[in-house]
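Please treat every number below as a calculation from the coordinates, not as lab data. Given the structure is predicted, the values throughout are model-derived calculations rather than measurements. Glycine gets a Cβ as well: all are built from the backbone with ideal geometry, and neighbour counts include every protein chain shown.
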Amino acid sequence: MKKRWAARKHFDRIAKKYDYYRTIDKEPIDFLTETVRGTEQSICDLGSGSGRYLISLIKACQSSAVLVKEAYGIDINPNMLETAEKKMEGLMPSINWVIASADNTGLPAQSISLVTAFNSIHYLPILGTLDEVGRILIADGYFAIYCRVLDQESKHIWGRWFPGYLDYSQVKTREFMTNFDSYNQSFQLIHVQDFTFERKTTLAWICEQTENKYYSTLDRYTLKEFNKAYSEFLDNIRANHTDLDDITYYSSYSLFLYRLSSIKRVKLTDNSLQSD
């Protein structure tokens, strides 16, 4: 609970500028629209924040001739949902923005065909969230989680060069993400898709992102720790990039696609989890 409200405080602070500091990756959205079967969907996005992924997913579905009957954006932060609501003018269906936690959405049982969590799973109470997703999903419904896992975090520019970043990060390991069936037998992992993006930036933009702590991990440092780590971070960037106005780094994520099943299964091996 303490971590959840610390995250809320962070997003309260950056809500109005969240989209300014964050990119949106179209590839996982395209993957979902191509992979999740059905000519119509009811969608619930957990930790929807500013709504950027949910809105993009609805538009992608519509472009693929998939009817979105209803859509819900769930978040505990009213400031983020207020930001989201301002962006959906003319969007059909109109998204229902709900101030609620992922483990208690208040949605009717068996009412949703696709639940998503874009870059939010590490903030959510896992066991309660799995129970709630299992409750609101229809039979054979999908649960799609897009996130960075720990080995990807270690190669990201902050994870690689910002001292102590991995110690404060809340992202999960790949093993954890691929074994939800050990926590809730109702979920079957059907696919893991990895994505890697080449990012081009400048030292000035990296400094602005870091100083404004647009990653919540940076908010977990004490002021003294942050200042010391930030100084070392800048030294590391300068030592490893010759042109500070043209910095290239790689950012990787994974999409874990689960399907709801009422059949009790034998726990899958790590190797089998990586196959389609």
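How big is the dipole moment of the chain about its Cα centre under a simple scheme where the beta carbon of each Lys and Arg is +1, that of each Asp and Glu is -1, and everything else is neutral? Debye, nearest 20, please. Don't jump to the answer; show the numbers that get you there.
Values: 33 positive and 35 negative charges, 123 e Å.
Taking the Cα centre of the chain as origin, the dipole is about 580 debye.
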Test item: Cα-centred dipole of region 142-236, Lys/Arg +1 and Asp/Glu -1 on Cβ, debye: 80 debye
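By average Cβ neighbour count within 10 Å, what is the ranking of 169-175, 132-138 from highest down?
Numbers: 169-175: 16.3, 132-138: 21.3.
Highest mean packing first, the order is 132-138, 169-175.
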Express in nm, to one decimal, how much length is gained between LYS59 and THR39 on full extension, taking 0.36 nm for each residue of separation and deducting their alpha carbon distance. 5.8 nm
Karplus 3J(HN,Hα) series, Hz, for region 247-261 with 6.51 cos²θ - 1.76 cosθ + 1.60 (x for Gly, Pro): 9, 10, 9, 10, 10, 10, 9, 9, 10, 9, 10, 10, 10, 6, 9
If you rank PHE143, PHE256 by fewest surrounding Cβ atoms within 10 Å, what's the result? PHE256, PHE143
Compute from the Cα atoms of region 38-176 the Rg and the Dmax, the latter being the longest Cα-Cα distance, and quote both in angstrom. 15.9, 48
Could you tell me whether the chain comes out rounded, prolate or oblate from its Cα gyration tensor? Rule is a ≥ b ≥ c as square roots of the eigenvalues, rounded for a/c under 1.5, then prolate if a/b exceeds b/c, otherwise oblate. prolate
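Pairs LYS59/LYS87; LYS155/LYS200; LYS59/LYS213: which are spaced more than 21 Å apart, C-alpha to C-alpha? Please report the intermediate quantities before stating the final value.
Working: LYS59/LYS87 13 Å; LYS155/LYS200 15 Å; LYS59/LYS213 30 Å.
Over 21 Å apart, Cα to Cα: LYS59/LYS213.
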Applying the gyration tensor rule to the Cα atoms of region 73-139 (axes a ≥ b ≥ c; rounded if a/c under 1.5, else prolate if a/b exceeds b/c, else oblate), the class is oblate
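Between THR23 and GLU225, what length in nm is gained on full extension when 0.36 nm per residue of separation is reduced by their alpha carbon distance? Display every interim value, and only then the final one.
On the way: separation 202, 0.36 × 202 = 72.72 nm, distance 2.72 nm.
Between THR23 and GLU225, full extension yields 70.0 nm more.
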Charge dipole of the chain built from unit charges on the beta carbon (Lys, Arg +1; Asp, Glu -1), centred at mean Cα; most positive-end Cα among ILE112, LEU244, GLN193 is ILE112
Can you tell me the dipole magnitude for region 56-213 around its Cα centre, using point charges on the Cβ only (Lys, Arg +1; Asp, Glu -1), in Debye to the nearest 20? 380 debye
What is the helix-to-structure angle for 126-136, meaning the angle in degrees between its Cα long axis and the longest Cα principal axis of the chain, kept from 0 to 90 and rounded to the nearest 10? 30 degrees
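Using a Förster distance of 25 Å, how high is the FRET efficiency between ASP243 and LYS155, based on the Cβ-Cβ distance and rounded to 0.05? The partial results should precede the final answer.
Details: r = 21 Å, r/R0 = 0.83.
About 0.75, to the nearest 0.05.
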